[in-house]
1. Go through Gly57, Gly65, Gly51 for me and flag whichever is more than 22 Å from Cys171 (Cβ to Cβ) and free of Cβ contacts under 8 Å to residues at least 40 places away in the same chain.
2. Looking at Lys146, Lys186, which one is among the basic types (Lys, Arg), more than 30 Å from Pro3 (Cα to Cα) and modelled with pLDDT of 95 or more?
3. Give me the residue from the stretch 152-177 that is hydrophobic (A, V, I, L, M, F, W, C) and open to solvent by less than 50 Å² (accessible area, probe 1.4 Å) and, out of that set, farthest from Glu115 (Cα to Cα).
4. Of the conditions (1) within 30 Å of Leu149 (Cα to Cα); (2) open to solvent by less than 70 Å² (accessible area, probe 1.4 Å); (3) part of a strand (DSSP E or B), Val114 clears all except one; give me its number.
5. Return the residues of the stretch 21-34 that are open to solvent by 90 Å² or more (accessible area, probe 1.4 Å) and among the hydrophobic types (A, V, I, L, M, F, W, C); say none if nothing qualifies.
6. Please state which one of Ser84, Ser182 is assigned to a helix (DSSP H, G or I), of a type in the set (Ser, Thr, Tyr) and surrounded by 11 or more Cβ atoms within 10 Å (Cβ to Cβ).
Amino acid sequence: AIPVWKIAPALIYGNSVVWKPATETAVTASKIAECFHDAGFPAGVLNMVVGSGSTIGQGIASHPGIHGLTFTGSNEVGKQVGQSALKRGAKYQLEMGGKNPIIIAADADLDLAVEATISGGLRSTGQKCTATSRVIVVRDVYETFKEKLLEKVKSLKVGDGMDASTWLGPCANEKQLETVLSYIKKGKEE
C-alpha cells in the first residue's frame, strides 16, 4: 500500500517515478507495476528497479537527474538517503523507524481491540513498517484484554505461507527472523 500511496500523487502531479522496492517484496512490487502497465501507462512513466539498497538505492539517492526522493524504512538507511539528497539539493521525505502503538481504552470493545491488535501486529508476519509494535492498555481492562489476546493468538495457524489455511507464515529472510527473535527475547527480559 505504501508505494501506491507515494506513486499515485507523484504521477498525478506529472512526474515520472523510479521505484526501488525492498528485494523481499519484489514479486508483489512487480504485480503492482504490471497493473500500471495493464492500465496503459506509457513506457518510462513508472520504472521499477530491483536490487540491493546499497547499490540501487544509493544510486537513485545520489543521481543528479532525480529531483525528489521518498523513503520508507530504517532510521539508518533513511539518514543515508536524506544526506545524499541534501548534498545535491534534492527534495526528500523520510518515513523511518515507526513504532506504531495501539491504545486500548477502558470503554473499548475488547473483542474488536483484540482483532485489531492481532491484525495490526501479526498480519504479514509483522513484516510491515505499519505493523503495530506496542500495545498500550488502560489498567482497568488489562487482565481481560490480555486473556482474550492470548486465547486468540493461540488459535492462529502458523505454517507454510503458500497454504491458504495458514494465518501466520514465515519470515521473509534470516535477518528478519533474527529481528523477531531479538524482540521476543527483549519482551521476555522486560
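The values are calculated or read from the model by the stated rules, or taken from the named source; none is laboratory data. What you are looking at is a predicted structure, and each value in this text was computed from that prediction instead of being measured. Quick reminder, even Gly has a Cβ in these numbers, built from the backbone with ideal geometry, and neighbours come from all protein chains shown. Heads up: the accessible areas ignore ligands, DNA and RNA and are worked out on the full protein's heavy atoms, side chains in. Shrake-Rupley method; radii C 1.70, N 1.55, O 1.52, S 1.80 Å.
1. After ruling out the rest, the residue left standing is Gly65.
2. Answer to the check: Lys146.
3. Kept after step one, since they are hydrophobic (A, V, I, L, M, F, W, C), are these residues of the stretch 152-177: 153, 156, 158, 162, 164, 167-168, 171-172, 177.
With open to solvent by less than 50 Å² (accessible area, probe 1.4 Å) added as a condition, the list becomes 156, 168, 171.
Details: Leu156: 12, Leu168: 14, Cys171: 21 Å.
Top of the filtered list is Cys171.
4. Val114 satisfies every listed condition except (3).
5. Hit for the stretch 21-34 is Val27, nothing else.
6. Ser84
For every residue, the table says whether it meets (1) on the phi > 0 side of the Ramachandran plot; (2) in contact with a strand residue (DSSP E or B) (Cβ under 8 Å, 6 or more places away or on another chain).
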| residue | (1), (2) |
| --- | --- |
| Ala29 | no, yes |
| Glu34 | no, no |
| Gly40 | yes, no |
| Ser62 | no, no |
| Thr70 | no, yes |
| Ser74 | no, yes |
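Okay, residues lined up against (1) modelled with pLDDT under 95; (2) over 30 Å from Val137 (Cα atoms); (3) open to solvent by less than 90 Å² (accessible area, probe 1.4 Å):
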site	(1), (2), (3)
Trp19	no, yes, yes
Asp38	no, yes, no
Val45	no, yes, yes
Met48	no, yes, yes
Gly57	yes, yes, yes
Asp107	no, no, no
